[in-house]
Amino acid sequence: MPDHPAVARFVGYLREHNLPVTAQRLAIADVLLTSERHLSAEEVALEATARGRSVGTATVYRTIDTLLESGLVVERDFGEGFRRFEPARDIPHHEHLVCTQCGRVEEFRDERLERMTTIVAESRGFARQRHRLVIHGICRDCQTQGHR
């Protein structure tokens with residue numbers, strides 16, 4: 001049985017849906033479900049290989065689709081021309097900062113922003129359901145290295 005609880009939940013999902021539990025699927029799930037970063041499919045494949053498990057691109061994409069269907073992973077589109085994925089954690093709604101130089105993604109939450117989005121929606125007659133904010137800029141590390 002897998003060491004990480006989210007990977008074990010994925011195994012349960014696969015079995016409930018009569019889907020094969022393969023070493024490649026488990027390797028991909030382990031990379032995505034234990035990551036603190038927002039990974040692209042290519043980064044998932046590279047990390048799985050770095051961990052000693054070679055996986056094909058098609059298998060990565062099919063497994064990501066299954067992880068999305070299971071609700072264990074969420075998809076993010078930061079306007080970079082490709083999708084990123086992160087574990088569906090039990091954390092409150094959060095926003096993202098994306099570095100246009102290195103691609104780093106940083107999550108943040110600000111109660112003032114939450115209140116402001118509600119105020120803006122209500123002032124225009126909307127009952128807010130959800131929102132998404134992505135701020136593109138240059139992270140502190142890239143700024144220190146002279147990227148502007």
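The values are calculated or read from the model by the stated rules, or taken from the named source; none is laboratory data. Note that this is a predicted model, so its numbers are computed, not measured. Neighbour counts run over all protein chains shown; Cβ positions are idealised from the backbone, glycine included.
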Open item on the list: Please go through (1) more than 20 Å from Val105 (Cβ to Cβ); (2) touching a Pro at 6+ places or on another chain (Cβ under 7 Å); (3) among the aliphatic types (A, V, I, L, M) for Leu33 and return the number of the only condition it doesn't satisfy.
Closed with: (1)
Open item on the list: Just to be sure I understand, how many residues within region 71-87 are over 14 Å from the mean Cα position of the chain (by Cα) and closer than 19 Å to His17 by Cβ?
Closed with: 0
- [ ] Could you give me the residue pairs with C-beta distances under 9 Å whose first residue belongs to region 10-31 and is outside the structural domain of Glu43 (by TED's automatic domain parsing), whose second residue is of a type in the set (Phe, Trp, Tyr) wherever it lies, and which are 6+ apart or on separate chains?
- [x] none
- [ ] Among the residues of region 82-111, write down those that are under 18 Å from Gly137 (Cβ atoms) and either in contact with a Lys or Arg (Cβ under 6 Å, 6 or more places away or on another chain) or in a loop (DSSP other than H, G, I, E, B) (or both).
- [x] Arg84, His94, Thr100, Gln101, Cys102, Gly103, Arg104, Arg109, Asp110
Open item on the list: Looking only at region 57-100, how many residues end up being free of Cβ contacts under 8 Å to residues at least 24 places away in the same chain and basic (Lys, Arg)?
Closed with: 2
Task: Matching residues in region 117-136 - criterion: being in a helix (DSSP H, G or I) and over 24 Å from Cys99 (Cβ atoms) - done: Thr118, Ile119, Val120, Ala121, Glu122, Ser123
- [ ] Within region 83-99, track down each residue that is surrounded by fewer than 15 Cβ atoms within 10 Å (Cβ to Cβ) and more than 16 Å from Arg130 (Cα to Cα).
- [x] Arg89, Asp90
Open item on the list: So, Gly52, is that one at pLDDT below 90, outside the structural domain of Arg132 (by TED's automatic domain parsing), in a loop (DSSP other than H, G, I, E, B) and surrounded by fewer than 15 Cβ atoms within 10 Å (Cβ to Cβ) or not?
Closed with: no
Task: Members of region 1-29 found to be in a helix (DSSP H, G or I) and either at positive phi or more than 22 Å from the chain's Cα centre (by Cα) (or both), listed by number - done: Arg15, Glu16
Open item on the list: Suppose we keep only residues that are modelled with pLDDT under 95 and in contact with an Asp or Glu (Cβ under 9 Å, 6 or more places away or on another chain) within region 61-82. Which one would you say is surrounded by the most Cβ atoms within 10 Å (Cβ to Cβ)?
Closed with: Val73
TODO: Take the residues in region 121-140 that are over 23 Å from Arg76 (Cα atoms) and not hydrophobic (A, V, I, L, M, F, W, C), then tell me which one is surrounded by the fewest Cβ atoms within 10 Å (Cβ to Cβ).
DONE: Gly125
- [ ] Identify all residues within region 55-81 that are among the hydrophobic types (A, V, I, L, M, F, W, C), assigned to a loop (DSSP other than H, G, I, E, B) and closer than 24 Å to Gly137 by Cβ; write none if there are none.
- [x] Phe78
